[in-house]
Amino acid sequence: PSHDTSVAVTENRKVLSSAISSQIDAHSKWGGIVPSIAKLAHAERIDMMCKSALKKAHLTNGIKEIGAVAVTIGPGLSVALEVGIKKAVEIANENSIPLYGVNHMEGHLYSPFVQNSKGKPDIPLCFPFLSLLVSGGHTMIVSVSDNGNYEILGETQDDAAGEALDKAAKMLGLGYPGGEVMERLSAEINNVDKYKFPRPMIHEKTFNMSFSGLKTHFYYLLKGDKGQNIDIQHDLKYLASSFQEAVFDVLLKKLESAINMKNPKTICVGGGVSANKYLRLKLRRLSKKYAIDLHFPPYKYLCGDNGAMIGVAASMMIKRGENPSNINLIERIPRLSLVQLKK
Ligand code: KG4
Ligand code: ZN
């Protein structure tokens with residue numbers, strides 16, 4: 001939602017076509033998302049993305065073959081969401097087809113099961129499962145009991161994992177967004193944990209997480225207020241790596257506690273941070289330890305925000321018999337709270 005405009009044509013779990021336009025360059029020089037720029041950029045691109053996705057889908061009768069429209073209704077940046085919602089309502093009205101408002105996190109939740117147009121990979125949809133969602137806006141552990149029944153076991157109390165990585169990267173002068181740069185720098189020194197930063201809330205009994213204390217610790221360390229004189233340039237990779245390690249360690253420990261409580265047969269991971277190869281390695285080790293199946297979004301574009309996962313999540317809503325959204329209502333609720341995910 002916030003910096004990518006994306007439209008896809010999907011059929012059940014298959015993605016017939018996908019179009020994504022990133023506006024990250026327009027934001028990165030400001031060090032983060034600028035709402036007014038996002039709003040304008042989405043508005044400029046949305047028609048183009050719709051056209052492009054329809055064209056790439058090679059439907060014989062074009063839009064006439066589309067049976068429903070799905071759109072992200074939140075959580076996310078409301079001025080950005082509104083652009084998509086307006087367009088979706090327009091398409092639904094013009095073509096007299098139903099409209100489904102989809103929770104952004106539900107899109108990430110089902111992203112490991114999204115298939116290409118040939119139906120690959122063919123991972124069976126295996127309820128129940130445990131889901132770790134790690135994006136720039138949210139970090140949560142969700143227990144999915146059967147199609148459509150969610151229980152949020154825990155979530156971040158402040159910054160999300162991706163947000164924490166972005167903020168640390170910014171403090172290190174690495175630009176925005178920072179997750180990918182942090183991954184690369186850390187990998188160059190084999191992910192050494194030189195600084196052993198505090199792991200917030202790691203020993204608490206809940207599955208909730210917190211990353212803002214870590215961020216503050218990092219800030220004061222860089223400022224020299226922790227009694228250490230830090231040469232950022234000299235120690236750049238070690239600082240990045242130690243920070244990343246602290247974030248991932250918390251994620252892994254919390255997920256492990258959830259595994260111990262729920263004994264899942266399957267774990268799914270989604271969200272922008274799930275593209276991180278080192279996080280994937282840690283998760284693979286964990287799943288091996290407990291002999292649990294582990295699924296990630298099968299293609300890189302499915303980790304970040306994309307229209308395809310929203311279409312697939314909508315087909316799950318249809319499968320479990322949910323009614324289409326009320327078009328008149330949907331325009332008035334541009335932002336949904338996370339509680340909406342709890343059914
Ligand atoms: O899911 P997403 O695309 O957007 C939101 O819904 O927020 O997640 C974006 C987040 C950003 O914080 C970005 O730094 C992070 O995902 N990210 C990564 C990687 N690629 C993107 N974090 C760690 N390693 C990566 N390779
Ligand atoms: Zn997202």
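The values are calculated or read from the model by the stated rules, or taken from the named source; none is laboratory data. This one's a predicted model, so the numbers in the text were calculated from it and none came from an experiment. Because the Cβ atoms are built from the backbone with ideal geometry, glycine has one as well, and the counts that use them run over all protein chains shown. Quick note on the areas: whole protein, heavy atoms, side chains included, nothing else; ligands and nucleic acids left out. Shrake-Rupley method; radii C 1.70, N 1.55, O 1.52, S 1.80 Å.
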Across (1) free of Cβ contacts under 8 Å to residues at least 24 places away in the same chain; (2) open to solvent by less than 10 Å² (accessible area, probe 1.4 Å), residue 109 clears everything bar (1)
Mind checking whether some residue in the stretch 188-200 is at pLDDT 95 or above, closer than 19 Å to residue 275 by Cβ and more than 16 Å from ligand 2 (Cβ to nearest atom)?
yes
Return the residue satisfying two criteria in turn: it lies in the stretch 167-180 and is assigned to a helix (DSSP H, G or I) and open to solvent by less than 30 Å² (accessible area, probe 1.4 Å), and of such residues it is nearest to ligand 1 (Cβ to nearest atom).
179
Meets criteria (open to solvent by less than 10 Å² (accessible area, probe 1.4 Å) and over 24 Å from residue 321 (Cβ atoms)) for residue 133
yes
The stretch 136-164: number of residues that are open to solvent by 40 Å² or more (accessible area, probe 1.4 Å) and either in a strand (DSSP E or B) or within 16 Å of ligand 1 (Cβ to nearest atom) (or both)
9
Enumeration of residues in the stretch 84-118 that are farther than 20 Å from residue 326 by Cβ and within 16 Å of ligand 1 (Cβ to nearest atom):
105, 107, 108, 109, 110, 111, 112, 114
Kindly indicate the residue of the stretch 1-36 that is charged (D, E, K, R) and farther than 30 Å from residue 65 by Cβ and also least open to solvent (accessible area, probe 1.4 Å) among those meeting that condition.
25
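Rundown of residues vs (1) without any contact (Cβ under 8 Å) to a residue 24 or more places away in the chain; (2) more than 16 Å from ligand 2 (Cβ to nearest atom), yes/no style:
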| position | (1), (2) |
| --- | --- |
| 273 | no, no |
| 284 | yes, yes |
| 299 | no, no |
| 303 | no, no |
| 319 | no, yes |
| 322 | no, yes |
| 325 | no, yes |
Among the residues of the stretch 250-281, what is the count of those that are over 20 Å from residue 105 (Cα atoms), open to solvent by 30 Å² or more (accessible area, probe 1.4 Å) and within 16 Å of ligand 1 (Cβ to nearest atom)?
3
Answer residue from the stretch 190-225, given it is under 12 Å from residue 249 (Cα atoms) and charged (D, E, K, R) and is surrounded by the most Cβ atoms within 10 Å (Cβ to Cβ) among those:
199
So, of the residues in the stretch 90-106 that are assigned to a helix (DSSP H, G or I) and open to solvent by less than 10 Å² (accessible area, probe 1.4 Å), which turns out to be farthest from residue 272 (Cα to Cα)?
92
Among the residues of the stretch 296-305, is there at least one that is of a type in the set (A, V, I, L, M, F, W, C), under 18 Å from residue 18 (Cβ atoms) and in a helix (DSSP H, G or I)?
yes
Quick test for you: out of 24, 66, pick the one residue that is of a type in the set (Val, Ile, Thr) and farther than 19 Å from residue 91 by Cβ.
24
Residue in the stretch 8-23 that is in contact with an Asp or Glu (Cβ under 8 Å, 6 or more places away or on another chain), of a type in the set (Lys, Arg) and modelled with pLDDT of 95 or more present
no
